[in-house]
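K.L.:
The structure that follows is given in the form of structure tokens.
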Amino acid sequence: MPGCRDRPAGDGASGAGLAELLLVIACGTVLAAAAVPNVHRLVQEWSLRGGVQTLETSLLWGRMHCISTNSSLMLVVEDGGRSFHWADPTSGARYGYTARSLPSRVRIAAAPRRPLRFYPHGNAAPAGTYVIEGDRGAFRVVVNVAGRIRIQRL
């Protein structure tokens, strides 16, 4: 073909040399080293948010259970704020398999003095605030008298 040059085989022009390969590995190492602290912070943030969602979904379940079964339940925080469970308000007996543990290094730092109790109409008493703390900050989970739940970042 006119205009095309044939390359002789074995001239060493194909492939990457050792210097290029080492340069690519060095760049990859620098990028990985820069990403590790960000990944650690991200895992801490996810653990905190996971703890907040665990408490929120348990509160929602407790409220809906009381409405659907026409009964009452109370939320008991135990183990220094690292776990909680639902209990029968009259006997104090643990209700079924409702015990939940928060992720490591996440705890309920503040809770109402008396355990939160949901009633058959879905209302809560005492209305209260739970503060969940972790390495990356804190959230407030607020339950009002009507039984509605909201989350605020502190």
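K.L.:
Using θ = phi - 60° and the Karplus curve 6.51 cos²θ - 1.76 cosθ + 1.60, what whole-Hz ³J(HN,Hα) does each residue of segment 116-130 get, with Gly and Pro shown as x?
P.N.:
Per residue, the Karplus-derived 3J(HN,Hα) values read 5, 10, 9, 10, x, 8, x, 7, 10, 8, x, 5, x, 10, 10 Hz.
K.L.:
Between Ser71 and Arg148, what length in nm is gained on full extension when 0.36 nm per residue of separation is reduced by their alpha carbon distance?
P.N.:
That pair, Ser71 and Arg148, stretches by 26.0 nm at full extension.
K.L.:
What number comes out for the charge environment of Glu45, summing +1 per Lys or Arg and -1 per Asp or Glu over other residues with Cβ under 15 Å away?
P.N.:
+3
K.L.:
Where the Cα atoms of segment 19-153 are projected onto their three principal axes, how long is each span, largest first, in whole Å?
P.N.:
75, 27, 27
K.L.:
I've got another one for you. Starting with the fewest neighbours, write out Glu78, Glu45 ranked by other beta-carbon atoms found within 10 Å of each beta-carbon.
P.N.:
Glu78, Glu45
K.L.:
Could you list Phe84, Phe139 so that the one with the fewest beta carbons within 10 Å of its beta carbon is first and the one with the most is last?
P.N.:
Phe139, Phe84
K.L.:
Please give the FRET efficiency for Ala35 paired with Glu78, using the beta carbon to beta carbon distance and R0 = 30 Å, rounded to the nearest 0.05.
P.N.:
The computed FRET efficiency comes out at 0.20.
K.L.:
Local charge sum around Gly122 (other residues, Cβ-Cβ under 13 Å, Lys/Arg +1, Asp/Glu -1)?
P.N.:
Taking every Cβ under 13 Å from that of Gly122, the sum is +3.
K.L.:
How do Thr57, Thr90 rank when sorted from fewest to most other Cβ atoms within 10 Å of their own Cβ?
P.N.:
Final ranking by Cβ density, sparse to dense: Thr90, Thr57.
K.L.:
Another question, then. Take every Cα-Cα distance within segment 76-134, group them into 5 Å bins from 0 onward, and report for each bin the whole-number percent of pairs it holds.
P.N.:
4, 17, 25, 26, 18, 7, 2, 0
Every number in this text was worked out from the coordinates using simple rules, so none of it is lab data. Since this is a predicted model, take the numbers as computed values, not measurements. Positions of Cβ are backbone-derived with ideal geometry, glycine not excepted, and every protein chain shown enters the neighbour counts.
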